[in-house]
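Chemist: Below is the structure I would like to discuss, written out as structure tokens.
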Amino acid sequence: MENLKTLVDSLYLLKPEIAISCVLVLVIIMDLIMDKNKTFLPYVALTGFIITAFLVVEQYFFKTSITQNLQKLLVIDAVGAFFKLIVILASCLIVYFSLISKEVKEAFDRHGEYYALICGMVIGMFFMISSADLIMIYLSLELVSLSSYVLAGFTKNSLRNSEASLKYFVFGAMSSGIMLFGISIIFGLTGTTNLLAVKSVMAAGGNSLTFLFASILIFAGIGYKISAAPFHFWTPDVYEGAPITITAYLSIASKAAGFALLIRFITLGYVQQIDASGAWQLVAGSIDWKKFFTVISILTMTLGNFAALWQDNIKRMLAYSSIAHAGYLLLGVVVLTNQGLSAVILYFIVYAIMNLGAFLVVMLIANKIGSEEIDDYKGLGYATPFLGVCMAIFLISLTGLPPTAGFIGKLYLFTALIEAKMIPLAVIAIINSVVSLYYYIRVLKHMFLTRPQNEDLVINTSFAEYVIVLVLAVPVILFGIYFTPIVNLAKNSVALFLQ
Amino acid sequence: MILSIIVALLGIFFAFFIYQWKKLDPDKMAEKVKVLYKISLNKWYIDEIYQATFINGAIGLSKILFWFDSTIVDGIVNGTATVTRWCSVASSKFDTYVVDGMVNAMAYLSGFIGLILRRFQTGKVQTYVVLVVFSLIILLFFFK
Amino acid sequence: MLSLITFLPIVGMILILFLPKTQAKIIKSLTLAITGAQVIIAAFMLGSYNYTMAGINDPKSFQFIEKFQWINIANFPLLGNIKIDYFLGIDGLSIPLVLLTAIITFVATLASWKIDKSIKGYFALFLLLDTGMMGVFVALDFFLFYIFWELMLLPMYFLIGIWGGPRKEYAAIKFFLYTLFGSVFMMLVMIGLYFSTQIVDNGTKIYTFNMLAMMDPKNFVANGILSPLNPNNLRLIAYIALFIGFAIKIPMFPFHTWLPDAHVEAPTAISVILAGVLLKMGTYGILRICYPVFPEITHQLIWFIALFGMINIIYGALCAMAQKDFKKLIAYSSVSHMGFVMLGMASLNTIGISGAVLQMFNHGTITAMLFIIVGVIYDRAHTRGIYEFGGLATQMPIYTGFTTLAFFAAIGLPGLSGFISEAFVFLGAFQSTNIRVITAVSTLGMLLGAAYMLWTLQRVYLGQLNVKWSSLKDLDFREYAMLVPLSIIIIFLGIYPSAMLNLMNSSVNAMVKFMAEAPKVFGSLGSL
């Protein structure tokens, strides 16, 4: 009874999750009732997401990090709330994208399941972000994965769509299997699945080699979600095959949740304490995460950037670019400090805006010309100067050149690295970002440097499209010049982190 | 001075003796002292000697010098110019093929690395699974 | 004042973006008006410039200072309070280059008059480029400097890539990748310096990007990665990284190969900007940042700077001689002439550094003129092959006159501006004993310079006129408007160089003094 009472008392901590579950149920019921007219379904989902967003913001301002309630299954803190905010805002934007996406519109009769599955993903990601228990981690990961498998194959009208879905499923099943194997080993070693308990058993001196083995296996599951090499193989195929809205969603929301999970997993399971300067002291005998992440991040960004050089499909190119960005983001984790964490958070704000922007422009162009091949972009800058210039802004930001927000993100990542005196890693990363210029600028080259094949081609942009593109493009420039707000946001998110 | 006047007067007298008063037949005289006559007739060959030594010498020397100047000195100058032009062509070739070649080689190398890394993405999910398992094993040994 | 001259082009760019595409005349006139206004502002600044204030490392003696707080974030983890200033100011090193930028951009606007493709885009990018260049010369905060430095890459890429010649795509991406490669390392050094410099602000110590604070030994952090106080500092490596970042822009051998490609493919106006202003950013950066921030390393490596200067001079001249393309020849001559700047900088004495700064200005005007001259002939004949011409002097006498003037100035004929700066460079460099041999060898470069210039003059302008070109017209009004002001500057500074030398004198003196004293101070810090 006592347990039940604390549980009920703690329910207020789950407001966003409860809200989003209600939206899920509402969407499904509406879908069943409203047989023919489903035009307002997206608006229901959008409203629900916006309400949830407010609840998440409320959570952001909780003054403490809460772990004791909820049977130690979940952690509610500002870092988690920040990632939830990224997820929910990305979801809002994706709903908006879906409204103007031709691809999604074509599958009009199955809109209900589309939005319901997005809701399902959001619930999964929310729990993923705040879970403190290995079972919770596994369940939420599966919830996200299962929803995204279906979404990746949602349009069903092309072969590559179904192929993407199936590959995603097979690869995902394998990864979560590996992860589950790791979890079972840990449970066998420690008799608990709670990360904090696991840590205390570890600190008392466990079997370190087996423990290390299990840690790497669990990382396989997380690495698959953030598409870190060598667990990234699904990314290009799925990103290319899935509808653009879902590709964009996977590249932002799913990755944000994955990173939150990674940070949670490391800090709860392996970090003894965070000292005054904000450095994370690893528990004795744990795997050398610094070295591990160094290797993984070098692999990830190098592979992503160099493989992207040869891509002819822009979605596939952006897939590799998102792998590369996962590598950059890992740079913030490598240093194992609060400063690094704030750099990750900062980079995520920036990355979410610019990557969503790039996918949005790709989607709008695909709506009009029906192609995602870079070769078909020839001269498009003249057919639609507005989209061309915005694409240039997003891609330059992805490269990390001033005066765009992408530069600020990179700057803080490198600042964290140099502060930690990891110069060689910084040099590798910076050479990578030079390489990345080539494939980003290649798109602009096709858009502007070649004259259009069809001189009369004019792509008109509707008002709704104008608005959404500007909503993403303006902050990229604005935060590049005046970045106090986003840096403050990042700073405040980690201010209370585990202290 | 007196001696020279006397010699001169003697010469004048001798000339009168032969050509004016015709006491001696000049042709016979010439026949008798043919060598002396010829020398004197040709002004002691001074012009010829002068021509042969000084004038021809000077001309010869100038010819040599001219040859030296145009072939050796100017040759060095022109040679320097030619060598400079060779150098310039060589450095231009060096610039295009070696210095710039290295820059382009870097670009090709990056592309080549990309080409290799791309090979792993076969599109077959079986390959991916095998690769993941292999890399897990490698990671495990690496961090053991 | 400095903000005005820097951001006026941005205002123009925004105005242009709102103008309809069809209003080509208005767009061009607006650009001309803005660049003209820049010249006027620059002239006004010249008028009210105080010749006695030195600048270099003393924030108080900079002029036209504008300093505002730009970024202010309290209590960032590990970094503490983050404060970045918007800090502009000029001294004797930068005012010649501000003037140069204003003049060259104005001339380049005239040179762009015949652009017929996507005029709106062209002039918008052109003005963005203008802001980037001007900003580099006036920024005194490293962060701001870096933003301006990178800002001009993208417009340059498009200006070469869209309006360029046949191999424009290759040239544009090569320029972009090459210069980005240099500047990203600059960013790492910038962050390293940030963590090595702390100033006191409102009673708390904060890290700073302020360049002038980085030159002051008392601001160094004990364990900063690039701080002389740290025995394991990486100052030498950082210096080389930073230097290469600037050297790519100069361009210094062996990082120069982007230049011929970029020049040959770029439209005339962009070549003028490239040679006239962009190359100076490299040498300016070295003088402004590398020298005073790392004085002790500069002393260690001074011989190499001179050596690379010499290689640039001779190698550039030799490569120029072998070119069959007129524009490529001028491009390589820039490599050679920028070598003089490096040689002058390496002398580390007043005469040499004055010569280097003067040479930056003079090379800017002379090479701009040379590229305009190539542009004139290319507009008419649509070819730039040196061997395809001959005897143009009879067909276009006035044009040939201007050409001869520019050529002679480039050779360094007494009475023209090029002579003064080259003479100063050599005078200065000969005084510096450890680089005397290098200087002696470098004089060969002047000879080679004369050789390829005169040879080109002979091949293109003298001799028999090719009948193919018998219909070429002489200069028109627009071309006069470009060539006459530049010629006047060249002749004026040839006769009265003090006008420019006085301007930079106190700053150069301060710099020489600083460079003579600072190494001891900086060097002794490590042993503390």
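The values are calculated or read from the model by the stated rules, or taken from the named source; none is laboratory data. The structure presented is a predicted model; accordingly, all values stated were derived computationally and were not measured. Note that we place each Cβ from the backbone using ideal geometry, even for glycine, and neighbour counts take in every protein chain shown. Keep in mind that these areas ignore ligands, DNA and RNA; they rest on the heavy atoms of the full protein, side chains included. Shrake-Rupley method; radii C 1.70, N 1.55, O 1.52, S 1.80 Å.
Chemist: Would you kindly find the accessible area of C:L88, with a 1.4 Å probe and non-protein molecules such as ligands, DNA and RNA excluded, rounding to the nearest 10 Å²?
Modeler: 0 Å²
Chemist: Within 10 Å of each Cβ in C:178-188, how many Cβ atoms from other chains are there, averaged over the peptide?
Modeler: Mean partner-chain Cβ count within 10 Å for C:178-188: 5.
Chemist: Just to confirm the filter: which chymotrypsin sites (Phe, Trp or Tyr not before Pro) across region C:276-370 are DSSP coil and have at most 16 other Cβ within 10 angstrom of their Cβ?
Modeler: Here no chymotrypsin sites (Phe, Trp or Tyr not before Pro) fit, given the DSSP loop and packing criteria.
Chemist: At a 1.4 Å probe radius, which order do B:R118, C:R380 fall into by accessible area, largest first?
Modeler: B:R118, C:R380
Chemist: Percent of accessible area on region B:53-142 owned by carbon and sulfur, 1.4 Å probe?
Modeler: 77 percent
Chemist: Kindly report the accessible area of region B:1-41 per residue (heavy atoms of protein chains, probe 1.4 Å, no ligands, DNA or RNA), in Å².
Modeler: In whole numbers, region B:1-41 has 94 Å² accessible per residue.
Chemist: Which links in C:K280/C:K520; A:K38/A:K105; C:K174/C:K328 stretch past 18 Å when you go from one Cα to the other?
Modeler: Going by Cα-Cα distance, C:K280/C:K520 fall outside the 18 Å limit.
Chemist: Would you mind computing, in nm to one decimal, how far apart the modelled labels at C:Y480 and A:C22 are, each placed 7 Å from Cα along Cα→Cβ?
Modeler: 8.1 nm
Chemist: May I ask for the accessible area buried between chains A and B, both sides summed, probe 1.4 Å, to the nearest 100 Å²?
Modeler: 2400 Å²
Chemist: Within region C:436-477, find all residues whose amide N lies under 19 Å from a label point positioned 7 Å from the Cα of C:A24 along Cα-to-beta-carbon.
Modeler: C:476-477
Chemist: Another question about this same structure. When the accessible area of each residue in region C:130-161 is compared between its chain alone and the complete protein assembly (1.4 Å probe; ligands, DNA and RNA ignored), which residues differ by at least 10 Å², being lower in the assembly?
Modeler: C:F143, C:Y146, C:I147, C:E150, C:L151, C:L154, C:Y157, C:F158, C:G161
Chemist: Dividing the convex hull volume of the alpha carbon atoms of region A:361-499 by its residue count, what do you get in Å³ per residue?
Modeler: Spread over its residues, the Cα hull of region A:361-499 gives 135 Å³ apiece.
Chemist: Suppose all protein chains stay in the model; what accessible area per residue would a 1.4 Å probe give for chain A, in Å²?
Modeler: 31 Å²
Chemist: Let me ask something else. Of the listed peptides B:129-142, C:115-128, A:225-238, what is their order by residue-averaged count of other C-beta atoms within 10 Å, with the highest listed first?
Modeler: Going by the mean number of other Cβ atoms within 10 Å, highest first, we get A:225-238, C:115-128, B:129-142.
Chemist: Would you list the P(r) distribution for region C:261-320, with all Cα-Cα distances sorted into 5 Å bins from 0 and each bin expressed as a whole %?
Modeler: Final binned percentages: 4, 15, 15, 21, 19, 13, 8, 4, 0.
Chemist: If you rank A:M125, A:M136 by how much accessible surface each has, with a 1.4 Å probe, what is the order from largest down?
Modeler: Per-residue accessible area, sorted high to low, gives A:M136, A:M125.
Chemist: Sticking with this structure for a sec: Express the accessible area of chain C per residue in Å², computed with a 1.4 Å probe while the remaining protein chains stay in the model.
Modeler: Solvent-accessible surface per residue comes out at 31 Å².
Chemist: Still on this structure, please answer the following. At a Förster distance of 45 Å, what's the computed FRET efficiency of A:T210 paired with A:S158, Cβ-Cβ distance as r, to 0.05?
Modeler: My answer for the efficiency is 0.50.
Chemist: Given the peptides C:24-34, C:156-166, A:48-58, arrange them by the average over their residues of other C-beta atoms within 10 Å, most packed first.
Modeler: Peptide ranking by packing, descending: C:156-166, A:48-58, C:24-34.
Chemist: How about region C:321-378: which trypsin sites (Lys or Arg not before Pro) there are in a DSSP loop, with at most 14 other Cβ atoms within 10 Å of their Cβ?
Modeler: Answer in residue order: C:K324.
Chemist: Shifting gears a bit: Rounded to the nearest 10 Å², what accessible area does B:T127 have for a 1.4 Å probe in the complete protein model?
Modeler: For B:T127, the solvent-accessible surface is approximately 50 Å².
Chemist: Next question. How much length would be gained if the chain were fully extended between B:Q126 and B:R85, taking 0.36 nm per residue of separation minus their Cα-Cα distance, in nm to one decimal?
Modeler: 8.5 nm
Chemist: Can you give me the angle between helix A:15-33 and the longest principal axis of chain A, using Cα atoms only, in degrees from 0 to 90, rounded to the nearest 10?
Modeler: Long axis of A:15-33 versus the principal axis of chain A: about 50 degrees.
Chemist: Here's a follow-up. With all protein chains present, how much of the accessible area of region A:383-499 (probe radius 1.4 Å) comes from carbon and sulfur, to the nearest whole percent?
Modeler: 68 percent
Chemist: Here's something else I'd like to know. Sketch the reach of a paramagnetic label on A:T461 as a point 7 Å from Cα along Cα-to-Cβ, and name the residues of region A:416-454 whose backbone nitrogen lies under 16 Å away.
Modeler: Once the point is set 7 Å along Cα→Cβ of A:T461, A:444, A:447-448 turn out to lie under 16 Å by backbone N, inside region A:416-454.
Chemist: Provide the three semi-axes, in whole Å and in decreasing order, of the ellipsoid equivalent to region C:350-395 as defined by the square roots of 5 times the Cα gyration tensor eigenvalues.
Modeler: 32, 10, 8
Chemist: So for the pair C:V521, A:D35, with labels modelled 7 Å out along Cα→Cβ, what separation do we get in nm?
Modeler: For the pair C:V521/A:D35, the computed spacing is 8.8 nm.
Chemist: Heads up, I need the accessible area for C:L465: 1.4 angstrom probe, whole protein in place, Å², nearest 10.
Modeler: Its heavy atoms expose roughly 40 Å² to the probe.
Chemist: Let me ask something additional. Rounded to the nearest 500, what is the protein assembly as shown's calculated 222 nm mean residue ellipticity when only DSSP H runs of at least 4 contribute -39500 (n - 2.57) each, over all residues?
Modeler: Roughly -23500 deg cm²/dmol at 222 nm, from the helical runs in the protein assembly as shown.
Chemist: In nm, to one decimal, how far is the modelled label at A:A284 from the one at C:I40, with both set 7 Å along Cα→Cβ?
Modeler: 7.7 nm
Chemist: Taking each residue in C:317-324, count the Cβ atoms of any other chain within 10 Å of its Cβ, then average. What number comes out?
Modeler: Mean number of neighbouring Cβ atoms from other chains: 6.
Chemist: Still on this structure, please answer the following. Taking all protein chains as present, what is the carbon and sulfur share of the accessible area of region B:1-41, in % to the nearest whole number, probe 1.4 Å?
Modeler: Summing carbon and sulfur atoms, their accessible area is 73 percent of the total for region B:1-41.
Chemist: While we're here: Which residues of region C:221-245 end up with at least 40 Å² less accessible area in the presence of all protein chains than when their chain stands alone, using a 1.4 Å probe?
Modeler: For region C:221-245, once contacts with the other chains are taken into account, C:I225 lose 40 Å² or more.
Chemist: What length, rounded to one decimal in nm, is gained on full extension from B:Q20 through to B:I6, with 0.36 nm per residue of separation minus their alpha-carbon distance?
Modeler: 3.1 nm is the gain from fully extending B:Q20 to B:I6.
Chemist: Taking the Cβ-Cβ separation of A:A107 and B:I116 as r and a Förster radius of 45 Å, what is the calculated FRET efficiency to the nearest 0.05?
Modeler: Result of the calculation: an efficiency of 0.70.
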